[in-house]
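Notes for the one structure printed next.
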Amino acid sequence: MFELKPISPDAVPAALAKAERYRLLNEPAEAASICEDILRVVPRHAQTTVTLILALTDQAGRPGVMSQARELLPQLPSKYERLYYGGLIAERQARTYWGRETPGCGVNAYECFVDAMVLYTEAESIRPPGNDDALLRWNTCARALNANPELRPRPVEDYESVLDD
């Protein structure tokens, strides 16, 4: 195994800018790697944690990345951020399900969209002044659900007793 080389604390701003650039270039694995290097030097760097969450969710569909992103939420400094980015993780998971063509994916996508909307609603109630990001994301989820009838709740099955009382 190769031992990872630590970056210097002075290199953190440039490394973070590079990670954000890699995300924009659609190279999320490279961005995530840089974020992990930064977090080894500055463990609770909030902006790096957010960038890592986004880079991981950019890779939705790869095994374990969404769980890894969720595990980072407690490291975010505010309840608003934890709720907002929790919603973003759920929304991106919904889009991953939605893109699949296997039985039950529409139901799974629906449930993830609804989970995201619940988190966005909670974030909305404590959002900083002038920050409507949670409302914008909630509306995006609502539009997806409204425009796509294949995204629907899990059917509720009625059971009748086979025993006579």
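The values are calculated or read from the model by the stated rules, or taken from the named source; none is laboratory data. Keep in mind that this is a model prediction, so the values were computed, not measured. Counting neighbours? That spans all protein chains shown, and the Cβs are built from the backbone with ideal geometry, glycine included. Just the protein is used for accessible areas: all its heavy atoms, side chains included, with ligands, DNA and RNA removed. Shrake-Rupley method; radii C 1.70, N 1.55, O 1.52, S 1.80 Å.
General remarks:
- Apart from one condition, residue 84 fits all of (1) at pLDDT 95 or above; (2) among the aromatic types (Phe, Trp, Tyr); (3) more than 27 Å from residue 25 (Cβ to Cβ); the exception is (3).
- Condition check for residue 55: farther than 24 Å from residue 148 by Cα and surrounded by fewer than 22 Cβ atoms within 10 Å (Cβ to Cβ): no
- Per the conditions (1) in contact with a Cys (Cβ under 6 Å, 6 or more places away or on another chain); (2) in a loop (DSSP other than H, G, I, E, B), the sole criterion not satisfied by residue 60 is (1).
- Residues located in the range 111-129, provided they are assigned to a loop (DSSP other than H, G, I, E, B) and surrounded by 15 or more Cβ atoms within 10 Å (Cβ to Cβ): 127
- Screening residue 1 with (1) under 30 Å from residue 108 (Cα atoms); (2) among the aliphatic types (A, V, I, L, M); (3) open to solvent by 70 Å² or more (accessible area, probe 1.4 Å) gives one miss only, at (1).
- One residue from 48, 102 being of a type in the set (S, T, N, Q) and buried (at least 16 other Cβ atoms within 10 Å of the Cβ): 48
- Contact map, the range 84-105: residues that are closer than 20 Å to residue 70 by Cβ paired with residues that are part of a loop (DSSP other than H, G, I, E, B) and open to solvent by less than 40 Å² (accessible area, probe 1.4 Å), Cβ distance under 6 Å, separation 6+ or inter-chain. Pairs shown: 92/60; 96/60.
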